[in-house]
Each structure stands twice: as structure tokens, then as C-alpha cells.
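The values are calculated or read from the model by the stated rules, or taken from the named source; none is laboratory data. Small disclaimer: the values here were computed from a predicted structure and weren't measured. Every residue, glycine as well, gets a Cβ built from its backbone with ideal geometry; the counts of neighbours run over all protein chains shown.
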Number of protein chains: 2
Amino acid sequence: MVIFMKRVMLIVSYDGTNYHGWQVQPSAVTIEGVLNEKISELTGESIQVIGASRTDAGVHALGNVAVFDTESRIPGEKFSYALNQRLPEDIVIQRSTEVDGEFHPRHCDCIKTYEYTIINRTFPLPEYRNTAYFYYGPLQIEPMRKAAKAFLGEHDFAGFCSAGAQVQTTVRTIYSLEVMQDLAESKIKIRVTGNGFLYNMVRIIAGTLLEVGKGAISPEDMDGIIASCDRQKAGPTAPAKGLKLLGIEYQEKIV
Amino acid sequence: MVIFMKRVMLIVSYDGTNYHGWQVQPSAVTIEGVLNEKISELTGESIQVIGASRTDAGVHALGNVAVFDTESRIPGEKFSYALNQRLPEDIVIQRSTEVDGEFHPRHCDCIKTYEYTIINRTFPLPEYRNTAYFYYGPLQIEPMRKAAKAFLGEHDFAGFCSAGAQVQTTVRTIYSLEVMQDLAESKIKIRVTGNGFLYNMVRIIAGTLLEVGKGAISPEDMDGIIASCDRQKAGPTAPAKGLKLLGIEYQEKIV
């Protein structure tokens, strides 16, 4: 008997508020755990997805990527419809497609884009209580934009990494880092694109730019802070709930 | 003994998801109920606020207005800070101020602005599951914009009113009605400003413009549909969760 096995890729969006992050944990509800459960239910197989980005508790995603192998006869592009009927409202598959069996979402070169949202006004906005960091004090945008430029290009970001992660190198390349202001919604968004990010790196960049906005760090000192590779010189890790993984682009052809 | 009584106005924002609407109900949690409880706790008095707009269950607000009378020595503008420390995260006072003792938020002439949000893409966005209506089919924006023009000015909106409300007249004036599209977020916003709205009027306008966007109602028929005063000719009442009261402007000086 010939068994036809295929690899299916999912583009997964979620509101991370009610989850203990992406990665499966023995006694906590996680995004990966819910996906494993629902895909297993649907296919009748024991499925374990492989995720591209193992986001922390409270972090959100518009387009995280996951793959799984299945013998199911459901066509790749139909999994999105079938799974969305089973998934809770805060996890939605935006797209599903069959990919090359060799494709691994963490071992392939990719470009990731994250967004960090800050609500900056006298009092918080209830609508954004779980999806943005609230800061009431004045923030100067132009110094934040100036400081953002120092991150561009290839750097050793050892100073922008929380302890505990095991990585071969702390060198990463940032392709763009924008600070956008929406005055009507009193919203500031920090959007960063790079070829990979260290543990908590985007949240530490956001926390550092916030210090620049408050005037506690000068944009002129940014080059030196990055070059120092000293975690103590960068700003604090901004709260998880303001962070969203917008999407991941793979550089090789995967379909 | 002289008792100094003052009237305090609150600008109240809330995510209505977890509430059975504004108005106090015997055995359900409401925005008004929570405000009465927290202001009473703070002042030691038995406070009953008067709200400007008694929004339905699931409807949100950026700037609803409420007033209450108090003998408290807390200055009017300090109530926002004191109350926000006691209120749940999904109800936030944006501003508080002392107003004239004669000011009544429902009996004074005012201009209200509402926004109705639609997420229009193949699959929903988890972040907006409670604050927008999701529609997956194609929507034509230009016909919606053309139809919107028919609502401008003074009309008898009897056909855009749900049964059950007791009003002296169903004539209202709409000053502006915009249909805005944000392609990056696959979001359509309908923003309407008028001198008052009948029961469910904004949700019926949104439901009608959705029918226009789908091609089920022609923009050329809009004048006739409004003039008919026939609820059956207008579109369905769009779901509550897409609606947000942006703000209320009072025409007389109230401070």
C-alpha cells in the first residue's frame, strides 16, 4: 500500500491574551497545543505542528507560520476552512497550502516583521487593553525615529537579548525599523523587519525607544549602546501584550 | 449647615463586550451599574449617574457622557483619576469636570458621532472579534459611498428604527456619513454624525450600506427607501459589536 504524505503550511493569526504563548506546555493552554488538538481531531491522526516563531505568553500574531505532515485527503488549501470551524475565535488560520516536504519553518532563511503598539494619552483606551502598551507621559517621536536608524543593518545584538536563549550567534540584520504615529488614535507603532530576532529582542528595542521618547536615553548614544553588547545599557523589556508578529517571508520557493 | 452639591460630567469609554449594555438591569452587569457602584464607593453617597446614550449590549464607546450630583469635596477634574483606579480595565473615564447643575446629557441639544467597523477579508482577524463585524464576501465601496449621500440632511427615518422605542418624532438630521476603507487592515468604517439617532438607527444604516456593498440594494434606490419610512425596505440591523459611540458634542456651554 502506498501512503501519500504531504506537508501543509498554515498562516496562523491569534490574539495571544488567553494563551500561555505558542509552545506546548504540560498544563497550560497554548496556541500550538490548540492547533495540535484541532488538526488531530480533523484528520484522525496524531498531529504535532512545527511553528516558525514560538511567541511568548500575551504576544499576538497576524501571520505566524506552522507546518504539519498528514496523510489526510483534505486538499492543502481547504485546511483553513475546515480548521476555522473548529478553532476558537481568537485563533484563525488565514491561509493553508501544501508545501515541499523538506520545508522547515525554523530552519529556512526568512524575514520576519513585528509591530509594537503603544497607546500614548492621559488615560488608556479600553479597546486596546490587551493589544497595546499604555504609557501616559509625553513621548518625543522625532528622537525615537533618529534612534531607530542606529539599529539598521548588521549588528551584534547581544545587548538586546534576554538571558536563557541558546543561540549560535547574536548577530542579526535589521532591514527596517519605523516609528509611526497615529495622532487621531493616540497610537505609536514601532515596526521592525529583520532576518531573525533574539529572545525578547523586539520588546527590548521597543523598551529602549520608549526611553528615548521619554528623554532618558539620547538618540546620539544609540550606536554606543548597541556596540556595547551590554543588556544593562539598553532599556527595559516592554510588556508582551504590545507585541504582534505581523508576518514571515521565506526567501526560497516553498510551494 | 450649607451643603455644597455639584454636578460632575464624565467622558466614559468602554469595551461593551462583557456588559449587558449601558442601562442598569436587576440581575445583569451593565456599564451604568458599575459606574454607580464605583462612584458610590468613592464618595460614600448613593450615586445614580444619568447617561447620554443608553448603548445596547455589545456596543462600545470612546466618549459616552454621564453626569452625577455629589457633595464630595473631590474636585471635578480629579474624579477621572480616582475612578480609573477602581474601575475594571474595560471601562475608563477619559475626562471628568464640574458642569452647570442644570445640564442634563439627554435633554440638551447635541451632536453624536458613531462609527461602525467591518472587517472584510476571507477570514476574520482575531484582534477584532469583539469590536468589528466580519464579512467575507466582496463589498463595493463606491456604491456604498454614493448611497451614503442619500442620508444627509433632515429626513423622517421611521424606516431606520427598530420597534419598541417611544419617540415624539422620527425626524432626524444627519450632518455627515462617510464610508472609509483601510485596505492594509481590510477594514471598512462607516462614520456618521447627526443630531440624534433612533433606536438601532446606526446599525440599520450600516446593515443597509452593507446590502448596497453586496449589490443587493442599488444606491439609486436609497432616496426612495428612506422616503418610504418602511422598515422592511431598509437592510437588516447590523450586529451590535461593530458599533462604537465616538463622542457627543453639546451645543450649549455646559461648564
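Against the condition under 22 Å from the mean Cα position of the chain (by Cα) and at pLDDT 95 or above, how does residue A:74 come out, does it pass? For residue A:74, the condition - under 22 Å from the mean Cα position of the chain (by Cα) and at pLDDT 95 or above - is not met.
Filter the stretch A:92-146 down to residues that are within 28 Å of residue A:174 (Cα to Cα), of a type in the set (D, E, K, R) and within 14 Å of chain B (Cβ to nearest Cβ) and give me whichever is nearest to the chain's Cα centre (by Cα). Top of the filtered list is A:115.
Each residue in the stretch B:1-40 was checked for being farther than 22 Å from residue B:248 by Cβ and within 14 Å of chain A (Cβ to nearest Cβ), and 1 pass. Within 14 Å of chain A (Cβ to nearest Cβ) and out of contact with any Pro (no Cβ under 8 Å at 6 or more places or on another chain): does that describe residue B:86? Answer is yes for this residue.
If you check residue A:162 against the conditions, is it in contact (Cβ under 8 Å) with a residue 40 or more places away in the chain, farther than 28 Å from residue A:10 by Cα and polar (S, T, N, Q)? Yes; evaluated as a whole, the condition is true for this residue.
Within the stretch B:166-187, residues that are assigned to a helix (DSSP H, G or I) have Cβ atoms under 6 Å from residues that are surrounded by 12 or more Cβ atoms within 10 Å (Cβ to Cβ) in no pair, counting only partners at least 6 apart in sequence or on another chain.
Scan the stretch B:1-54 for residues that are within 18 Å of residue B:73 (Cβ to Cβ), in a loop (DSSP other than H, G, I, E, B) and in contact (Cβ under 8 Å) with a residue 40 or more places away in the chain and jot them down. B:3, B:4, B:5 - these are the residues of the stretch B:1-54 that are within 18 Å of residue B:73 (Cβ to Cβ), in a loop (DSSP other than H, G, I, E, B) and in contact (Cβ under 8 Å) with a residue 40 or more places away in the chain.
Of the candidates B:111, B:119, B:141, the single residue that is buried (at least 20 other Cβ atoms within 10 Å of the Cβ) and at pLDDT 95 or above is B:119.
As for the stretch A:72-82, it holds at least one residue that is away from chain B (no Cβ under 14 Å), part of a loop (DSSP other than H, G, I, E, B) and in contact with a helix residue (DSSP H, G or I) (Cβ under 8 Å, 6 or more places away or on another chain).
Determine, yes or no, whether residue A:184 is at pLDDT below 95, under 24 Å from residue A:142 (Cβ atoms) and of a type in the set (Gly, Ala, Ser).
Values: at pLDDT below 95: yes; under 24 Å from residue A:142 (Cβ atoms): yes; of a type in the set (Gly, Ala, Ser): yes.
It is true that residue A:184 is at pLDDT below 95, under 24 Å from residue A:142 (Cβ atoms) and of a type in the set (Gly, Ala, Ser).
Checking each residue in the stretch A:178-197 for being aliphatic (A, V, I, L, M) and crowded, with 21+ Cβ neighbours inside 10 Å picks out A:179, A:188, A:190, A:192. Each residue in the stretch B:197-224 was checked for being farther than 11 Å from residue B:114 by Cβ and either in a loop (DSSP other than H, G, I, E, B) or among the polar types (S, T, N, Q) (or both), and 8 pass.
Among the residues of the stretch A:97-108, none qualifies, meaning not one is within 30 Å of residue B:62 (Cβ to Cβ) and either assigned to a strand (DSSP E or B) or touching a residue at least 12 places away in the same chain (Cβ under 8 Å) (or both).
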